[in-house]
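Below you'll find the structure, written out as structure tokens, and then a few comments.
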Amino acid sequence: MNNLAMSDKAKPLLEAVIKHIRENVDPITEEYYRLGEGRADRWSHAPGQLELLEGAKQKARDAGLWNFFLPNAETGEGLSNLDYAYIAAELGKSPLAPETLNCSAPDTGNMEVLERIGTPEQKEKWLKPLLRGEIRSAFAMTEPDMASSDAKNISTSAVLENGEWVINGEKYYISGAGDPRCKIMITMVKTSPDAEPFRQQSQILVPIDTPGVEIVGPMHVFGHDDAPHGHMHIKFTNVRVPEGNMLWGEGRGFEISQVRLGPGRIHHCMRSIGSAEKALDLMIERGLSREAFGKKIIDLGKNMETISRAKIEIEAMRLMVLKAAKAMDTLGNKEARIWVSMIKAMVPEKVCNIIDEAMQVHGATGISQWSPLSNMYTQQRTLRYADGPDEVHHHVIARAEVKDYQSSNARTNRARKEIATGRTRGGV
């Protein structure tokens, strides 16, 4: 568990990824976003945008830099979670880099579910084009009228009628559903309301163009609609999909979540390390390039200490993320869930603080469209809700810790009692 070194096999891949980002992604990033400004249809890509993106994706494919996120899978590079952690941190420094390597959320989690438990038909229809980077996908779980942090509350219903699942309900903050390339949603539904609590939910594949699927509009994050990716409000009205669109079997929604959410959470935290490193670089660059009150900004107040604390926090987070990745590799997703919850509760909050300090050093520019920091901050702040809010993860960690303490205390008390009883019987 404490050997957190990257494997020799993966080191050349990391160097190749860094080279790809420097030579193929960074040079197109500014032009990609410039082309998207002022487009007539916000829920589309402007002419030239996809051409730039597809060009970078093709260069990544040609270099063998593709689908790194799938651990030990025939369909991907087969990296361990630990090795991928090093690569994902580099991807987190660039907004376009993950997609150029086909390692973007929510596709990563959806592909891993399909690769692990999909039927041959489901893999042929949906997994293969996702793995090729030809389409995008979404994961529809959160509901506006329910405390969705407790997934048992999910109320969108699916009823089997004449070989079809009929779905009715409402979802919101469905990330990626605004992208015109999004073709399929994995949708959390309630299929067995009378079953035991953890057997009531199922996950079903719903093509986004199915009749009855209504994209009401985007939910905003700090006033931004994040078009064309979007975080959509969706209504399902008598949506009919084939019985074969069920994933893994009725009532197995929570089991599927173990497959999907563990890797998804750790991938977010891996990329967040890169975001924190980017924010620190921007903080230092700004501090060295501006002067006020006769000094460089970096030498004013406690800015040097702020930089020091940011570096310390980044390295502490990195070690925690690497150890969580190693736990997933050695213990499995379910057994490593406490480690994953620890980093999910810690990393987004600390990265938010680092980005916030970087914005402060930038002054008003730090919260403007002239700096990437404001968008980086909104993404990290959103992560404190995504894949489970902070409070849920703290509860999971504390509950396990209390249980371990009680078990340990019970063992100690039993041992003491046995010793005392033995002494009594022996006449001591």
Round to the nearest 0.05 the FRET efficiency obtained for ALA292 and GLU30 when R0 = 22 Å and r is the Cβ-Cβ distance.
0.20
Calculate the length of the line joining the C-alpha centroid of the range 110-177 to that of the range 355-415, in whole Å.
26
Inter-centroid distance (Cα atoms) of the range 208-255 relative to the range 291-338, Å
35
Would you please put 282-288, 340-346, 299-305, 150-156 in order of how densely packed they are, using the mean number of other Cβ atoms within 10 angstrom per residue and starting with the highest?
340-346, 282-288, 150-156, 299-305
Dipole-positive endmost among LEU282, CYS269, PHE293 within the range 252-293 (Cβ charges, Cα centre):
CYS269
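Show me the chymotrypsin sites (Phe, Trp or Tyr not before Pro) within the range 184-241 that DSSP assigns to loop and that have at most 12 other Cβ atoms within 10 Å of their Cβ.
Working: sites: PHE198, PHE222, PHE236; in loops: PHE222.
The qualifying sites are PHE222.
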As straight-line cross-link partners of LYS19, the qualifying aspartates and glutamates (C-alpha separation under 13 Å, not fewer than 8 residues apart within one chain) are GLU90
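Please tell me which of these pairs span more than 26 angstrom C-alpha to C-alpha: LYS278/LYS302; LYS278/LYS326; LYS57/LYS278; LYS9/LYS125?
Working: LYS278/LYS302 20 Å; LYS278/LYS326 24 Å; LYS57/LYS278 22 Å; LYS9/LYS125 32 Å.
As for pairs spanning more than 26 Å Cα to Cα, those are LYS9/LYS125.
Only helices at least 24 Å long along their own axis, judged from Cα atoms, and with Kyte-Doolittle mean hydropathy of -1.0 or greater: name those in the chain from DSSP H.
Values: long enough: 253-289 (52 Å, -0.07); 303-331 (41 Å, 0.18); 337-362 (38 Å, 0.40); 390-425 (52 Å, -1.31).
Once both thresholds are applied, what remains is 253-289, 303-331, 337-362.
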In range of the label at ALA5: residues from the range 81-105 whose backbone nitrogen is under 18 Å from the point 7 Å along Cα→Cβ:
81-87
I need the Debye-formula profile for the range 179-304: one equal scatterer per C-alpha, no solvent, reported as log10 I(q)/I(0) at q = 0.11 1/Å, two decimals.
-0.63
Over all alpha-carbon pairs of the chain, lay out the pair-distance distribution in 10 Å bins, whole %, shortest bin first.
4, 19, 29, 25, 13, 5, 3, 1, 0, 0
Of the candidates VAL113, VAL216, VAL402, which one comes out as most mobile in a Gaussian network treatment of the chain with C-alpha springs shorter than 10 Å?
VAL402
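Computed from the coordinates by the stated procedures, all read-outs in this text should not be read as laboratory data. It should be emphasised that the depicted structure is a prediction, and the values quoted were computed from it without experimental measurement. Reconstructed Cβ throughout: ideal geometry from the backbone, glycine too, with neighbour counts over all protein chains shown.
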